[in-house]
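The values are calculated or read from the model by the stated rules, or taken from the named source; none is laboratory data. This one's a predicted model, so the numbers in the text were calculated from it and none came from an experiment. Using ideal geometry, Cβ is built from the backbone for each residue, glycine included, and neighbour counts are taken over all protein chains shown.
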Amino acid sequence: MGNTLAVPNEIAAEIGARIATAAEAKKLTWNYIGVRLNTSGQQVKGWSEGRGMKAHNVVPLAEILGVSPVWLLTGKGRKPE
């Protein structure tokens, strides 16, 4: 997967905080999210800490979390309930 784009480090921590916020609001575990994305819960936890997220995961992750990809990336728009 050499052509896979990574989320830039400059925004990874901010996105990670939004992942954690949305997962907590929906009461979703890292393992549950990981299974839905065909990855590990540890990997998803890493994303929530601002590490190693690939751009191709943004849209599917947003769908699972029930948020828009725009909110996940920028914080703009409707927050998770």
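Listed values, structure above:
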quantity	calculated
Which numbered condition G46 misses (of (1) among the small types (G, A, S); (2) under 10 Å from the mean Cα position of the chain (by Cα); (3) closer than 22 Å to K79 by Cβ)	(3)
Selected residue (only one of G34, G50 is in contact with a helix residue (DSSP H, G or I) (Cβ under 9 Å, 6 or more places away or on another chain), surrounded by 15 or more Cβ atoms within 10 Å (Cβ to Cβ) and assigned to a helix (DSSP H, G or I))	G34
Residue list for region 67-81, restricted to those being surrounded by 14 or more Cβ atoms within 10 Å (Cβ to Cβ) and in a loop (DSSP other than H, G, I, E, B)	V67, S68, G75, P80
Count of region 1-31 residues which are among the hydroxyl-bearing types (S, T, Y) and loosely packed, with under 14 Cβ neighbours inside 10 Å	2
Criterion violated by A13 - all others in (1) touching a helix residue (DSSP H, G or I) at 6+ places or on another chain (Cβ under 7 Å); (2) at pLDDT below 95 satisfied	(1)
Region 37-47, residues that are part of a helix (DSSP H, G or I) and either more than 16 Å from E10 (Cα to Cα) or touching an Asp or Glu at 6+ places or on another chain (Cβ under 6 Å) (or both)	G41, Q42, Q43, V44, K45
Inter-residue pairs, beta-carbon under 8 Å, first hydroxyl-bearing (S, T, Y) and in region 60-80, second modelled with pLDDT of 95 or more and not in a loop (DSSP other than H, G, I, E, B), 6+ apart	S68/A62
Matching residues, region 29-43, being more than 12 Å from the chain's Cα centre (by Cα) and of a type in the set (A, V, I, L, M, F, W, C)	V35
